[in-house]
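Below is one structure, written out as structure tokens; comments come after it.
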Amino acid sequence: MRDVAIIATAQSKHVRAASTLNEVELIQPVIHEAIEQSGIGRHDFDFTCSGSSDYLAGQPFSFVMTLDAVAAWPPIAESHVEMDGAWALYEAWVKIQTGQADTALVYSYGKSSPGDLPRVLSRMMDPYYEAPLWPTSIDFAALQARVAIADGVTSEAQMAEIANRSRNAAASNPFAQLTSSPEVADLLSSEYLAEPLRKHDCAPITDGGVAVILAAGDKAREHCTRPAWIRGIDHRADGHHINFRNLCVAPSIGIAAEKAGVGMGPVEVAELHACFTHQEPIIKAALGLDESTVVNPSGGPLAANPMMAAGLIRLVEVANRIHSGEVSRGVAHATGGHALQHNLVAVLEGEG
Amino acid sequence: MSDSAPIELPEGLWSQPAVDTSAVDSITDVESVQLITTPAKFVYDYTPGVARTRFLRAIEQKRLVGQRCPETQKVYIPPAGVSPVSGLPTLEEVELGLDGTVVSYCIVNLDFTGNAQEIPYVSALILVDGSDIPIYGLVREIAPEDVHFGLRLKSVWVEPEEMTTSFENIKWWAPNGEPDVPKSELADYV
Amino acid sequence: MAERVAVVGIGQTKYTATRGDVSLPGLLREAAFRALEDAHMTFDDIDCVVVGKAPDFFEGVMVPEYSLVSALGAVGKPIFRVHTAGSVSGSTAIVASQLVEGGIHGTVLTIGWEMQSCSEAMWALSVTMPFQQQLVAGAGGYFAPYIRQYIARSGAPDDTGILVALKDRQNALLNPYAHLHEHDITYESVRDSIMLWDPIRYSETCPSSDGAFAMVMTNEAGGDAAAAEGRQPAWIHATAMRSEPALAAGRDQVSPQAGKDCAASVFKQAGITNPRKEIDVAEVYVPFSWYEPMWLENLGFAEEGTGWQLTHDGVTARDGDLPFNPSGGVLSSNPIGASGMIRFGEAALQVRGMAGDRQIDGARKALGHAYGGAAQFYSMWVVGSDKP
Amino acid sequence: MSDQPTGQAANQAADDDVLRAPLLLEYPFRRTTGPVIGAYFTALREGHLVGILDDSGRVICPPVEYDPQSGKSLTKIVPVSSEGEVVHWTWNSMIREGQPFDHPFAWALIKLDGADTPIYHAVDASHEQMSAGMRVRARFALERRGEVSDLECFEPAN
């Protein structure tokens, strides 16, 4: 495998509704900040890959419009995934592995505010049996939480602690949407949103975007003083139907973690794509993390959850901590689908 | 062709195995459901964005305003806020003319949109004076067979009291009587 | 040195307006199992599934691959979804091939599909956006002015498009999977069909189809093993993708630069210096008949302004020296999200010598081509009977 | 990384200056069922529920064409009871367009008698009535057309 690193990153300030901006206007400054940070000319990337979903803003061919933001002239080698940007990064990493590229621009964005996001996400369910009933993403998550609590994987109290810890951690994250939390006891006395989930158990609805620059080998060292090397990356899927799955485990995370080599060294920091509080312990268990790992120091998706970007942001948050020298080895997790169905795990390391 | 026998798929191809419903009496001798309908309706709170809003606010005042790429100096209409060539924001606004030139067109003979256009109608790529990229527009007040490349057009607007922040303010485009623009001057716009 | 990649299994469904007798997972499984059986494999042999389809609105299912994971035998495996507009399943095939080429997986199953009977392409492609005028009537309304511009530039005879439509639809009569089997089609019937978007006639327009296409790709060892058993693989010689913005000032939409660059790249990588001579057969994305001469030029098979001459001279016919779309092409079958992969896969079938009645004798090197969006996204590959 | 958020500097504008309008996306999607899903909806129309036998002899309801784990084809449709037991449930008080009711109800995983996997559906009951282990039965529409709405919901069996 070729050595590939994240050498530059940028995010938008994540907000509940970027109500004045179209999607190009939302992502353009983010892309250009990452490009400038990398020091690579904006026409000089060997490959470009993005992630987005038409359903979020109700915008057919959303990615065609946002291509305007990357200066695709003269024409560029480019691709797009209808998935979280973490998978766009994966495709770019594969491209670099083939030797056809040494550098890549990756970006993704989600403008969820124009629609009723939990209802929109019902279109991801089985189109014959589930989607016609219109359960929301929160309804599915609530069922998973119910199973997890019943099986002793977590508790409402632990879930409130996770919410409290995450949002308070986000106080130091300049991009976060939610940056403080009431006390745990107050959280637990609040009303249910979808029993057993309360509002604090759910990630906020967010508009935002993210951009990443990848480079291979010496090219990475040339453009970054401390590249965040991708030592392992893998993704796996579980079956879809929530009535067949054991909802309180995520076997696909375990497989991806093993393939990515999570257990090959200490995990100083982990950024987990847990959009609901009860998912954090499920992911931690599947990754084999213990209490020595700092989880979601950025606040995680509970502090800002731009759809199609929040997974890639997990890689960015780990990479940023490697760039700064704060940590030497960390794990990022991204998810797609309902109830942790599709999962990507990456191990990032600094040198020296 | 006399040979109208249907050609067969290769033999032995996988296909879905037959389903055995013999254990369920109630569905063995009735007509099977083969199709369900699953209606879906979404209403999104759409915004055209900052740059496009400026354009639409101008169009409400019977003005066409483009935006200039800071790198190539090309003028875009309707602007999306970013130059697709440089990837940079297009902050400089440029007042455009209300006339334009046909760079290409097609004659539509079927009402696809249900908008009750008179059939046939001409859908043209029109280069608005002062801009560098053609837009689609309806051409009327001329027989479809007389439309041609280089034809000069004026924009025909709805009555002042009907003006809104919409492209629909321009009802259609019609010949303005000026001489044709030579093809050579339009070569870069298709 | 990157890993060599071989296509060792191909499966497709019969294309039709409304398939009717299968579900969405059933449609995909039909293509997938046919490809697996062709490859002498089962789901157990597959390391990863890569899928592509056109916009989610077409079927009203967001990220549909998630509810298809079990149906595609992908539980515990990676599943990957590509979306690059009309070029999508060409791009999907390329992403699948790169997973093998980059040494990440040994054997990959890739599927492109569309179940257009779920809705109507015209609805999904022409959603009325606020503040805009509904002027462009579907894809034909968008592309027709550029076709008119091509005719003007090249001086091509008016009936070039008729000849292409006639050829492709007659080719389709040899392809049992093709959607349209118009046994009584004639030059006159195409000429007299309604002029929808003048200069595009009804019979020069692609249909709307249900369908899926699947391929199994494997590494050099897998390709060698298939060859040793007498199952000819299609070796991938080169792949390329290029994109350009939809609305860039100065962009030539008649012969887009991204198409030229993509072709130049794929031929160069494949060591091809004279594509007209070295390519034996091409499956090229021609949704409106006039795109054959346009792509002949854009791909470098003909000088600018002369592509139509090849069509008129019969060069692109089955018995010509550069057959274009012996499968019948997009003009005869068009499940949008599969149409690109059908081009890629039909090219592979030709160099495997497994194209049935539509086989071009002696085809050893073939081009697969797809494009999408506002003629702005391109994906192409060159496959051969011999190892690259 | 930068210390400051990027913001949306270039084309900044105040909220109320920017135009907005409703964008409607609406379509009555048609879904061909194939023989397995078709058998389920045929049975619903006749007022019954059916499942399918999987590789290991489990009865899966609602039926799918493939073994959920291995992907192998399944073919044997079997009857299941219209009554069963709630395994897990959640409460939905924020009703959205398209859902089975316009009043609060439960979503539940229900293991029907004769099935080995639960079905996900709505239960029309009060919050107080809901509990894991409770018995429920299917409520079919009076007029059935072979559509999703033929099975309205489940309701307490007692």
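The values are calculated or read from the model by the stated rules, or taken from the named source; none is laboratory data. Since the model is a prediction, treat every value here as computed from it, not as a measurement. All Cβ positions, even for glycine, are placed from backbone atoms using ideal geometry, and neighbour counts span all protein chains on display.
Being touching a Phe, Trp or Tyr at 6+ places or on another chain (Cβ under 7 Å), aliphatic (A, V, I, L, M) and without any contact (Cβ under 8 Å) to a residue 60 or more places away in the chain is the filter here; which residues of segment D:133-158 pass it?
Once the filter is applied, which keeps residues that are touching a Phe, Trp or Tyr at 6+ places or on another chain (Cβ under 7 Å), aliphatic (A, V, I, L, M) and without any contact (Cβ under 8 Å) to a residue 60 or more places away in the chain, segment D:133-158 yields only D:136.
Those residues that are crowded, with 19+ Cβ neighbours inside 10 Å, in contact with a Ser or Thr (Cβ under 8 Å, 6 or more places away or on another chain) and under 20 Å from residue C:191 (Cβ atoms), I need them from segment C:295-324; list them, please.
If the condition is that a residue be crowded, with 19+ Cβ neighbours inside 10 Å, in contact with a Ser or Thr (Cβ under 8 Å, 6 or more places away or on another chain) and under 20 Å from residue C:191 (Cβ atoms), then C:308, C:311 are the ones that fit.
Looking at the structure I just gave you, is residue B:180 more than 23 Å from residue C:129 (Cβ to Cβ), away from chain C (no Cβ under 13 Å), surrounded by fewer than 17 Cβ atoms within 10 Å (Cβ to Cβ) and in contact with a Lys or Arg (Cβ under 8 Å, 6 or more places away or on another chain)?
Considered against the rule, which asks whether it is more than 23 Å from residue C:129 (Cβ to Cβ), away from chain C (no Cβ under 13 Å), surrounded by fewer than 17 Cβ atoms within 10 Å (Cβ to Cβ) and in contact with a Lys or Arg (Cβ under 8 Å, 6 or more places away or on another chain), residue B:180 comes out as yes.
Give segment A:302-352 a look and list any residue that's assigned to a helix (DSSP H, G or I) and more than 20 Å from residue A:252 (Cα to Cα), or say none.
Correct list: A:302, A:313, A:316, A:317, A:318, A:319, A:320, A:321, A:322, A:323.
Would segment A:2-23 turn up any residue that is farther than 26 Å from residue A:113 by Cα and within 14 Å of chain B (Cβ to nearest Cβ)? Reasoning before the result, please.
Step one: filter segment A:2-23 for residues farther than 26 Å from residue A:113 by Cα, giving A:2-8.
Next cut, within 14 Å of chain B (Cβ to nearest Cβ) only: none.
Checking segment A:2-23: not a single residue is farther than 26 Å from residue A:113 by Cα and within 14 Å of chain B (Cβ to nearest Cβ).
Among the residues of segment B:82-117, which ones are without any contact (Cβ under 8 Å) to a residue 12 or more places away in the chain, more than 22 Å from residue B:69 (Cα to Cα) and of a type outside the set (S, T, N, Q)?
Matches in segment B:82-117: B:110, B:111, B:112, B:114, B:116.
For every residue, the table says whether it meets (1) in contact (Cβ under 8 Å) with a residue 60 or more places away in the chain; (2) closer than 25 Å to residue B:141 by Cβ; (3) buried (at least 16 other Cβ atoms within 10 Å of the Cβ); (4) touching a helix residue (DSSP H, G or I) at 6+ places or on another chain (Cβ under 6 Å).
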| residue | (1), (2), (3), (4) |
| --- | --- |
| B:58 | no, yes, yes, no |
| B:62 | yes, yes, no, no |
| B:69 | no, no, yes, no |
| B:80 | no, no, yes, yes |
| B:120 | no, yes, yes, yes |
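How do the pairs read when you match residues in segment C:103-115 that are closer than 30 Å to residue C:19 by Cα with residues anywhere that are among the small types (Gly, Ala, Ser) and at pLDDT below 95, using Cβ under 8 Å and keeping only pairs 6 or more apart or on different chains?
C:114/C:54
Check residue B:33 against each of (1) assigned to a helix (DSSP H, G or I); (2) among the hydrophobic types (A, V, I, L, M, F, W, C); (3) under 30 Å from residue D:24 (Cβ atoms); (4) not assigned by TED's automatic domain parsing to the domain that holds residue B:89 and name the one condition it does not meet.
(1)
Counting just the residues of segment C:70-86 that are in a loop (DSSP other than H, G, I, E, B) and within 14 Å of chain D (Cβ to nearest Cβ), which one comes out nearest to residue C:285 (Cα to Cα)?
C:72
Can you tell me which residue within segment C:1-38, out of those that are small (Gly, Ala, Ser) and crowded, with 24+ Cβ neighbours inside 10 Å, is farthest from the other protein chains (Cβ to nearest Cβ)?
C:6
Can you tell which of C:305, C:314 is among the small types (Gly, Ala, Ser), within 14 Å of chain B (Cβ to nearest Cβ) and more than 17 Å from the chain's Cα centre (by Cα)?
After ruling out the rest, the residue left standing is C:305.
Are there strands (runs of 3 or more DSSP E) fully within segment D:78-123 with at least 1 residues that are more than 14 Å from the chain's Cα centre (by Cα) and under 16 Å from residue D:40 (Cβ atoms)? List them.
Those strands (runs of 3 or more DSSP E) span D:83-92, D:105-112.
What number of residues within segment B:25-45 satisfy the criterion of being out of contact with any Asp or Glu (no Cβ under 9 Å at 6 or more places or on another chain), at pLDDT below 95 and not acidic (Asp, Glu)?
1
Can you name the number of the only condition in (1) in the same structural domain as residue B:173 (by TED's automatic domain parsing); (2) modelled with pLDDT under 95 that residue B:78 fails?
All conditions are met except number (1).
For a quick check of your reading of the model, give me the residue pairs whose first member lies in segment A:231-256 and is farther than 30 Å from residue A:349 by Cβ and more than 7 Å from every other protein chain (Cβ to nearest Cβ), whose second is modelled with pLDDT of 95 or more and outside any loop (DSSP other than H, G, I, E, B), with beta-carbon atoms closer than 6 Å and at least 6 apart or on different chains.
If the second residue must be modelled with pLDDT of 95 or more and outside any loop (DSSP other than H, G, I, E, B), the pairs left are A:247/A:144; A:247/A:147; A:248/A:147; A:248/A:148.
Which residue pairs have Cβ atoms closer than 8 Å, lie 6 or more positions apart in sequence or on different chains, and pair a first residue in segment B:164-190 that is on the phi < 0 side of the Ramachandran plot with a second residue that is aromatic (Phe, Trp, Tyr) and part of a helix (DSSP H, G or I)?
What qualifies is B:190/C:146.
Kindly list the number of the only condition in (1) of a type outside the set (Val, Ile, Thr); (2) without any contact (Cβ under 8 Å) to a residue 24 or more places away in the chain; (3) crowded, with 24+ Cβ neighbours inside 10 Å that fails for residue A:132.
It fails just one condition, (3).
Just checking, does segment C:256-263 include any residue being of a type in the set (Lys, Arg) and either assigned to a loop (DSSP other than H, G, I, E, B) or in contact (Cβ under 8 Å) with a residue 60 or more places away in the chain (or both)?
Taking every residue of segment C:256-263 in turn, none turns out to be of a type in the set (Lys, Arg) and either assigned to a loop (DSSP other than H, G, I, E, B) or in contact (Cβ under 8 Å) with a residue 60 or more places away in the chain (or both).
Answer yes or no as to whether residue C:368 is modelled with pLDDT of 95 or more, at positive phi and in the same structural domain as residue C:181 (by TED's automatic domain parsing).
So residue C:368 fails the test.
Residue check: is residue C:178 in contact with a Gly (Cβ under 7 Å, 6 or more places away or on another chain), buried (at least 24 other Cβ atoms within 10 Å of the Cβ) and closer than 30 Å to residue B:9 by Cα? Give the steps one after another, and end with the answer.
On the way: in contact with a Gly (Cβ under 7 Å, 6 or more places away or on another chain): yes; buried (at least 24 other Cβ atoms within 10 Å of the Cβ): yes; closer than 30 Å to residue B:9 by Cα: yes.
So residue C:178 passes the test.
Within segment A:79-100, how many residues are surrounded by fewer than 24 Cβ atoms within 10 Å (Cβ to Cβ) and either within 14 Å of chain B (Cβ to nearest Cβ) or not in a helix (DSSP H, G or I) (or both)?
3
Looking at B:40, B:18, B:51 in this structure, which one is of a type outside the set (D, E, K, R) and more than 14 Å from chain A (Cβ to nearest Cβ)?
The unique qualifying residue is B:18.
So which residues in segment C:4-24 are of a type outside the set (S, T, N, Q) and farther than 20 Å from residue C:345 by Cα, if there are any at all? Walk me through how you get there before you give the answer.
Start the filter on segment C:4-24 by keeping residues that are of a type outside the set (S, T, N, Q), which leaves C:4-11, C:14-15, C:17, C:19-22, C:24.
Residues satisfying the conditions are C:17, C:19, C:20, C:21, C:22, C:24.
For segment D:59-103, which residues satisfy the criterion of being small (Gly, Ala, Ser) and either over 16 Å from residue B:17 (Cβ atoms) or in contact (Cβ under 8 Å) with a residue 24 or more places away in the chain (or both)?
Kept after step one, since they are small (Gly, Ala, Ser), are these residues of segment D:59-103: D:70-71, D:73, D:81-82, D:84, D:93, D:98.
Once the filter is applied, which keeps residues that are small (Gly, Ala, Ser) and either over 16 Å from residue B:17 (Cβ atoms) or in contact (Cβ under 8 Å) with a residue 24 or more places away in the chain (or both), segment D:59-103 yields D:81, D:82, D:84, D:93, D:98.
Only residues that are closer than 20 Å to residue B:32 by Cα and of a type in the set (Lys, Arg): list them for segment D:14-66, please.
Hits for segment D:14-66 are D:30, D:31, D:45.
Could you check how many residues of segment C:212-228 are assigned to a helix (DSSP H, G or I), surrounded by fewer than 24 Cβ atoms within 10 Å (Cβ to Cβ) and either outside the structural domain of residue C:101 (by TED's automatic domain parsing) or not acidic (Asp, Glu) (or both)?
Summing the residues that are assigned to a helix (DSSP H, G or I), surrounded by fewer than 24 Cβ atoms within 10 Å (Cβ to Cβ) and either outside the structural domain of residue C:101 (by TED's automatic domain parsing) or not acidic (Asp, Glu) (or both) in segment C:212-228 gives 6.
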